[in-house]
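Participant: I have a structure I would like to understand better, so I am pasting it below and will then ask my questions one at a time.
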Amino acid sequence: QNRFTLDGSFSFPDDNINNNGETGYVSDVLCGADGTFADQPVITINLTSSHSSAGLTITFDTDLNEFATAYDIAAYDASDSLITTVSIINNTDVIDEPLAQLFGYRKIVITIKKWSVPYRRARVLEVDFGIVRFYSGENLFSLGLIEEMDLSTATLPSAEFSFSVDNQDRAFNILNPTGFYKYLQQRQKIYGEIGLELPNGVVEYVPLGEYFLSEWTSDEGSMIATFRARTALDLMAGYSYEQLTVVSQSLAALAISIFTTCGIRKYELDSTLYSVMTNSLAKNASCRDVLQMIAIAGCCNVMVTRDGVIKVFRPVSGLAADKVTFDNMYNEPQVSLERITRQVSVSYWTGLESAAGVSSATASGVADGELWSLESNTLINTAARALAVANWILAQRSYRAKYEINWRGNPAHELADRIAIETSYGPSQNAFITRI
């Protein structure tokens, strides 16, 4: 009753799913006039092994701010014996934490008794085995993001996402026996968002990316906890790759096998990588280094998108997606000119002992400049491929003018986006974003 309002404010959940494409649980029965369910919906979650967590969090209907006002939750061990049961009454939270620290459970049973709105179905978006925390406004003290990419892929930097939060309850202090510190682990996922409040009061969010916790500290004096997280590129550095005999395959096939080794499912490969062949040779290298070698051999760049996708791609030159003008700059761009590259030499390999030869590309009309060489990429196996890579690196290093801009910014921009930059000396200059 009255769920589908006709004033334009209602949208079906599948029109705007922000929960990994999931809509959660919806009961097949309606509650009564007082919100009570005559036929109580039951959610049973069976785990394949015993589990322990800092607690348990239930998220109800966040779209319409509806929730169970009364429900029971029970936890069972591997022998189906009851560990604990809790009856919640007079709940007023869309996101509720009915259980504290819980050890060795194998099954969770949630029984919904009463809903906050009459004549509605019970809706549970998700059940999280742990504590879910949202930090914003007065309890989020700082947030920082640094993203970088190298147009010639000479380096493969991983973005760093950092933030500091209120720790007055000392939940993140190492000595707190009931705190969260002992549950923090490297590689825990962190999602960042930045939002703008619109005139109608709705906050429009832009994702800042998917990150994995790498380190954390708590300052007893200032009551602040600080966290730093990095992208999946950092995870790849912890996996090794070695191939001492020739295995002929495409660069795309090798990249897919590398991602599989690292347990990475979110990736995107440029179509050209499927037609470039390699012998797959490498000695005791990290998977992150091998990904860099694949990108260079395929004349590609690497970045991690705001959706957490590792993207091996070729930036597209063309019309600028946005324009940076004096109206939104705080000062005129600082421009520096990197040294010109006169020649690029690339070695190619048929084995692992020594390079089989070298191919070179020379800039036309350049009498003086840097000599740049790539000697150790053993995935480059023919003179023709080495020449193609040399020409590509020479072209990438021709982007010599580096603009540093302090401007109002647009959080929707990502690395490799093309923008036009206004200057005092004629028409706007097009440039790739390489650092944010």
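Participant: Restricting things to alpha carbons, find the Rg to Rh ratio for the chain using the Kirkwood radius for Rh.
Facilitator: On the Cα set of the chain, Rg over Rh gives 1.05.
Participant: So what's the angle, to the nearest 10 degrees on a 0 to 90 scale, between helix 383-396 and the longest Cα principal axis of the chain?
Facilitator: The answer is roughly 70 degrees.
Participant: May I ask for the distance between the Cα centers of the stretch 40-60 and the stretch 321-370, given as a whole number of Å?
Facilitator: The stretch 40-60 and the stretch 321-370 have Cα centres separated by 54 Å.
Participant: Now, a different point. As an exercise, identify the trypsin sites (Lys or Arg not before Pro) in the stretch 243-317 lying in DSSP coil whose Cβ has no more than 14 other Cβ atoms within 10 Å.
Facilitator: Sites meeting the loop and neighbour criteria: ARG265, LYS266.
Participant: What do you get for trypsin sites (Lys or Arg not before Pro) in the stretch 325-404 restricted to DSSP loop and a cutoff of at most 11 other Cβ within 10 Å of the site's Cβ?
Facilitator: Listed in order of number, the matching sites are ARG339, ARG400.
Participant: Could you check how many percent of all C-alpha pairs in the stretch 1-157 are farther apart than 26 Å?
Facilitator: Pairs farther apart than 26 Å: 41 percent.
Participant: Something else about it: Rounded to a whole number, what % of the accessible area of the chain do carbon and sulfur atoms account for, probe 1.4 Å?
Facilitator: Result for the chain: 48 percent of the exposed heavy-atom area is carbon or sulfur.
Participant: Go through ARG170, ARG120 and list them by solvent-accessible area, largest first, probe radius 1.4 Å.
Facilitator: ARG170, ARG120
Participant: Over the residues of the stretch 114-230, compute the C-alpha Rg and express it relative to 2.2 N^0.38 Å.
Facilitator: My calculation over the Cα atoms of the stretch 114-230 gives 1.34.
Participant: A further question on this structure: Nearest 10 degrees, 0 to 90: what angle lies between the long axis of helix 251-261 and the longest principal axis of the chain (Cα atoms)?
Facilitator: Taking Cα atoms only, the helix is inclined about 40 degrees.
Participant: What share of all Cα pairs of the stretch 181-328, in percent, falls into each consecutive 5 Å distance bin?
Facilitator: The calculated distribution, bin by bin, is 2, 8, 13, 15, 15, 12, 12, 10, 7, 4, 2, 1, 0.
Participant: Over the chain, give the accessible area per residue in Å² for a 1.4 Å probe, as an integer.
Facilitator: It amounts to 54 Å² per residue over the chain.
The values are calculated or read from the model by the stated rules, or taken from the named source; none is laboratory data. Given the structure is predicted, the values throughout are model-derived calculations rather than measurements. Because the Cβ atoms are built from the backbone with ideal geometry, glycine has one as well, and the counts that use them run over all protein chains shown. We work out accessible area using only protein heavy atoms, side chains counted, and drop any ligands, DNA or RNA first. Shrake-Rupley method; radii C 1.70, N 1.55, O 1.52, S 1.80 Å.
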